[in-house]
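K.L.:
Okay, handing you the structure first.
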Amino acid sequence: MTVAEYLAQFLVRRKVRHVFGLQGGAILKLVDEVMATGQISYVQNFHEQASAFCADACARVTGNVGVAFATSGPGATNLVTGIANAQLDSVPTLFITGQEYSSRLQKKEGVRSNGFQDLDIVRVVTPITKYATTVVDATRIAYELEKAWHLATSGRPGAVLLDIPIDLQFVTIDPGALEHFVPPLQPLHAIQSQDIAKFLALLKTAERPMILGGGGVALADARSSFAAFAKLTNVPVALTLNGLDVYENFLGFSGLYGNIHSALAVYNADLLIVLGARLGQHQVGKSKDGYTRAKVVHVDIDELELERCMAEDLSIHADLKSFLNAVNTALNDFTLPDYSEWHRTIAEWQQRYPVSLHERYEMGISPLLLISEAQRYFKDNAVVVSDVGQNQMWVAQALRLRSQQRLLNSSGLGSMGYALPAAIAAKLCKPDSTIVAFMGDGGFQINLQELQLLALRKLNIKLFVLNNGTLGLIKTAQDKYFGDRHYGSVAPDFGCPSLEHIARAYGLNHYKIETSEDLSQLEKIFEDPCAGLVDVMVDPAFPLLTRHDMKDIFALCGQ
């Protein structure tokens, strides 16, 4: 068989069912062989950035590696944002790029280009992947595929890229004579009994403990272990942006834009148990002092994340699921304090500072109210996708998912334009699920072209555009720090076209929500068997609360 046939069969054996891409001369053979398997669907995007986001979302909803193809040169470089997105959010993804003929590649050091679309994509993406290489020997195709797959899925998952020249794809190989990759012995990161003992001692002496769960809970396949730990300990749970779908009975969203009661709980805790969260700047802020006064226990598979942002009282380098299972076993013979008073305190904060605190508006509708009402119509298997900007934080503040529902975010990279292609991939991979995307009018326009894919495939996705006619986060920063000089964030520099005309151009159903009375349309929107583009009018002045805005509230709570 040829190298391209081998690659296609490799993906079949690993249960890949969708490959995303945009056709080009350097991947014609690869796409042809993938389709020849009869077991993989090739999905044609309209921009390679969208292909990368689709692969990312496919991996998140299936638990398998997401795969995207791109042709050489600009096709490959258009993947870069999506590659970085997957890497920073630890999503297992495999990117395959076609390359110029081997004989036309750069040979002389310093020469910018030799062949057509001859670009060394490996050097471009090496800093944002776990592994990237150009396959120059056909007999190494098995080795390189197996190595890339292993690295994408082992330890802390991430992105990998293989670059394959056109001529190499046609080379005939003997599968039985190929060299194979043998994974190195991995350090077991064995759970140390002394770490368990230290952790339980800290927990037993705590009066106000908090659990902070992150996206690593899902990546470690530890949802059930996490839930068992929370139930056994009766410790309140807050979740990060990437962890909002890992546990149903959580207190609230925690972070720079988190719910007020969650921020107060994390700040006033005396023990913060961080599980699968990297404690990035959008979580902690500029320093620990304004985030928490607690002792910190941090468990992470990536040793480099431990004590990266703050001093930690106990840092545990371990697979999260293994750690939680060991702790849960130990808790069976362990008596913990009664945290009822701590729960009552948090409940008082929650009642005093509900999400509805910021549902006041002069024109348009509260996005928080819209999101809260819309989720009543989600099926139990719904997948919700957020874009990046104010819309993402409003979703995180207002949404409360049930146990089987999922939320997809671009968190680490924070890439506008993520939601539309991610929602498309979620629907293709989970066709029986309700798929809902929330996006701002800025992020919506970045990958607007993917509406054509949605229309061609007749995908029933509900697209809510929170339309305030601004780049909201940028405008807010300009208000605070740049004397209301709104270059690029408002008219005439920024605007949103008529969504009704956009919907008509792509053959989508259009709805408009301007007042709370218009929320009565939601039932019709979700019962509609066709895709719906929903224009949600939001007052440009509608606030997005941050932890920095809570100084007076912290003071009122006697802190």
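K.L.:
Sort F69, F116 so the one with the fewest other Cβ atoms within 10 Å of its own Cβ comes first. Don't skip to the end; give the middle numbers.
P.N.:
Values: F69 28, F116 12.
Ascending Cβ contact count within 10 Å gives the list F116, F69.
K.L.:
Hey, what number do you get for the chain at 222 nm if only DSSP H runs of n ≥ 4 count, each worth -39500 (n - 2.57), divided across all residues, to the nearest 500?
P.N.:
Estimated from H runs of four or more residues: -10500 deg cm²/dmol.
K.L.:
Pop out the Kirkwood hydrodynamic radius of the stretch 362-537 from its pairwise C-alpha distances, inverse of mean 1/r, in Å to one decimal. Intermediate results must be reported in sequence, preceding the final value.
P.N.:
Values: mean 1/r = 0.0613 Å⁻¹.
Computed over the stretch 362-537, the radius equals 16.3 Å.
K.L.:
Placing +1 on the Cβ of each Lys and Arg and -1 on the Cβ of each Asp and Glu in the chain, which of N391, S366, L200 has its Cα farthest towards the positive end of the resulting dipole?
P.N.:
L200
K.L.:
Under a 5 Å amide H to amide H cut-off, with H placed in plane at 1.01 Å, what residues pair with I513 once short-range neighbours are removed?
P.N.:
D535, V536, M537
K.L.:
Which ³J(HN,Hα) values, rounded to whole Hz and listed in residue order, are derived for the stretch 58-71 from phi using the Karplus coefficients 6.51, -1.76 and 1.60 in 6.51 cos²θ - 1.76 cosθ + 1.60 with θ = phi - 60°, glycine and proline given as x?
P.N.:
Calculated HN-Hα couplings, in order: 4, 5, 5, 8, 9, x, 9, 6, x, 10, 9, 10, 8, 6 Hz.
K.L.:
Shifting gears a bit: Compute for the stretch 295-424: radius of gyration divided by Kirkwood radius, i.e. Rg/Rh, restricted to C-alpha atoms, rounded to two decimals. Intermediate values should be presented prior to the final figure.
P.N.:
On the way: Rg = 19.4 Å, Rh = 18.7 Å.
A ratio of 1.04.
K.L.:
Further, regarding this structure: Tell me which residues come under 5 Å, amide H to amide H, from N447 once H is placed; ignore anything under 5 positions away on its chain.
P.N.:
none
K.L.:
Separate question: What would the Debye equation give as log₁₀ I(q)/I(0) for the stretch 3-177 at q = 0.13, 0.19, 0.20 Å⁻¹, counting only Cα atoms as equal point scatterers?
P.N.:
The calculated log intensity ratios at q = 0.13, 0.19, 0.20 Å⁻¹ are -0.55, -1.26, -1.41.
K.L.:
From the backbone phi of the stretch 11-22, what are the Karplus-calculated ³J(HN,Hα) couplings (6.51 cos²θ - 1.76 cosθ + 1.60, θ = phi - 60°) in whole Hz, Gly and Pro given as x?
P.N.:
5, 4, 4, 9, 6, 6, 10, 9, 10, 9, x, 10
K.L.:
Let me ask another. Need the C-alpha centroid separation for the stretch 373-447 versus the stretch 62-78, integer Å.
P.N.:
21
K.L.:
Under the Karplus relation 6.51 cos²θ - 1.76 cosθ + 1.60, θ = phi - 60°, what is the ordered set of whole-Hz ³J(HN,Hα) values for the stretch 512-523, x standing for Gly and Pro?
P.N.:
9, 10, 10, 9, 5, 5, 5, 5, 5, 6, 4, 4
K.L.:
Restricting to the chain, compute how many DSSP beta bridges are antiparallel as a %, nearest 5.
P.N.:
5
K.L.:
Now, a different point. I want the local charge near Q390. Using Cβ-Cβ distances under 12 Å, sum +1 for each Lys or Arg and -1 for each Asp or Glu among the other residues.
P.N.:
With Lys, Arg at +1 and Asp, Glu at -1, the neighbours total -2.
K.L.:
Rounded to the nearest 20 debye, what is the charge dipole size of the chain about its Cα centre when +1 sits on each Lys and Arg Cβ and -1 on each Asp and Glu Cβ?
P.N.:
Dipole size: approximately 300 debye.
K.L.:
Putting +1 on Lys and Arg Cβ atoms and -1 on Asp and Glu Cβ atoms, find which of I164, V3, L94 reaches farthest to the positive end of the dipole of the stretch 3-177.
P.N.:
L94
K.L.:
V274's amide H: which non-local residues (gap 5+, or another chain) put their own amide H closer than 5 Å, with H modeled 1.01 Å from N in plane and none for Pro or chain starts?
P.N.:
L212, V297, H298, V299
K.L.:
Let me test this: with uniform point scatterers at the alpha carbons of the stretch 273-355, what is the Debye-based log₁₀ I(q)/I(0) at q = 0.15, 0.16, 0.26 1/Å?
P.N.:
Rounded to two decimals, the profile gives -0.76, -0.85, -1.16.
K.L.:
Could I ask something else about it? Which one of A230, G442, I525 is farthest out on the positive end of the charge dipole of the chain, using unit charges on Cβ (Lys, Arg +1; Asp, Glu -1) and the Cα centre as origin?
P.N.:
Going by the charge dipole, the pick is A230.
Laboratory data are not the source of any read-out in this text; all were calculated from the coordinates shown. None of these values were measured; they are calculated from a predicted model. Here the Cβ is made from the backbone with ideal geometry for all residues, glycine too, and neighbour counts use every protein chain on show.
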